[in-house]
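Undergrad: Let me begin by handing over the structure; questions about it come next.
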Amino acid sequence: MDAPADLLRFLRDVRLFTRFGEPDLIALAESLRERHLRKNQVLFREGDPGDEMFIVRNGTVLVSKAIKGRVEQVLDRVRPADFFGEMSLLDGSPRSATVQAETDAMLLSLDRTGLQRLSDTNPRAAAAFFYAMVHVFIERLRRSTHQVAEATRWGLEATGLDVESR
């Protein structure tokens, strides 16, 4: 089965896949499935089991986290060519947030079975995928480390501590 040219063009715009060679991108595309959401439809809720990641092809989805009771905080708006859910794909952990369609949306999903099939049939494409994921995780870890440092600094300043003197 050949992946349609428009799908391959789209996947080239997804940050995870920009460095994939054509054969690896085709192999990956064949492991993806389409998932359609209507506006306001919940894809999954925080705490739900999960084993797949998603790439937004069309539309937007909102990622939110429960704060207290029924109050939720929107953490992110995921747009075309962005992705989410990769933690559950890799470790099978429960969903860390709720995802709901802000507009009608079309997603591409890669589940653990598809990733295993990709690993079995095209180890080079699977290696490219895992290499790209490591880069994403490193980038996110650096960003969250910076955010923790800023929040700590803000908290110390709020207490009146002079953080500039040593």
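Undergrad: For the condition touching a Ser or Thr at 6+ places or on another chain (Cβ under 7 Å) and on the phi > 0 side of the Ramachandran plot, what is the one hit in Gly50, Gly59?
TA: On the way: Gly50 fails: on the phi > 0 side of the Ramachandran plot.
When all the criteria are applied, what remains is Gly59.
Undergrad: Another question about this same structure. In the set Leu90, Leu107, Leu16, Leu75, which member is part of a strand (DSSP E or B), closer than 23 Å to His135 by Cα and modelled with pLDDT under 95?
TA: Values: Leu90 fails: part of a strand (DSSP E or B); Leu107 fails: modelled with pLDDT under 95; Leu16 fails: part of a strand (DSSP E or B).
None of the others qualify; the one that does is Leu75.
Undergrad: Still on this structure, I have one more. Hey, can you tell me all the residues within region 33-51 that are in contact with a Gly (Cβ under 7 Å, 6 or more places away or on another chain) and at pLDDT 95 or above?
TA: Once the filter is applied, which keeps residues that are in contact with a Gly (Cβ under 7 Å, 6 or more places away or on another chain) and at pLDDT 95 or above, region 33-51 yields only Phe44.
Undergrad: So is Ser64 in contact with an Asp or Glu (Cβ under 6 Å, 6 or more places away or on another chain) and hydroxyl-bearing (Ser, Thr, Tyr) or not? Please lay out each step first, then the result.
TA: Details: in contact with an Asp or Glu (Cβ under 6 Å, 6 or more places away or on another chain): yes; hydroxyl-bearing (Ser, Thr, Tyr): yes.
When the stated conditions are applied, Ser64 passes them.
Undergrad: Hey, among Arg77, Arg117, Arg70, which residue is closer than 16 Å to Leu43 by Cα and either charged (D, E, K, R) or without any contact (Cβ under 8 Å) to a residue 12 or more places away in the chain (or both)?
TA: Residue meeting the stated conditions: Arg77.
Undergrad: Answer yes or no as to whether Leu118 is in a helix (DSSP H, G or I), within 20 Å of Phe20 (Cβ to Cβ) and at pLDDT 75 or above. Reasoning before the result, please.
TA: On the way: in a helix (DSSP H, G or I): yes; within 20 Å of Phe20 (Cβ to Cβ): yes; at pLDDT 75 or above: yes.
Yes; evaluated as a whole, the condition is true for this residue.
Undergrad: Filter region 19-61 for residues that are among the β-branched types (Val, Ile, Thr) and either crowded, with 18+ Cβ neighbours inside 10 Å or not in a strand (DSSP E or B) (or both); which is farthest from the chain's Cα centre (by Cα)?
TA: Ile26
Undergrad: Would you pick out the residues in region 95-114 that are surrounded by fewer than 16 Cβ atoms within 10 Å (Cβ to Cβ) and under 14 Å from the mean Cα position of the chain (by Cα)?
TA: Ser96
Undergrad: Between a first residue in region 155-166 that is surrounded by 10 or more Cβ atoms within 10 Å (Cβ to Cβ) and a second residue that is modelled with pLDDT of 65 or more and outside any loop (DSSP other than H, G, I, E, B), which pairs have beta carbons less than 7 Å apart while being 6 or more apart in sequence or on different chains?
TA: Within 7 Å, the pairs are Val163/Arg153; Val163/Leu156; Val163/Glu157.
The values are calculated or read from the model by the stated rules, or taken from the named source; none is laboratory data. The structure presented is a predicted model; accordingly, all values stated were derived computationally and were not measured. Every residue, glycine as well, gets a Cβ built from its backbone with ideal geometry; the counts of neighbours run over all protein chains shown.
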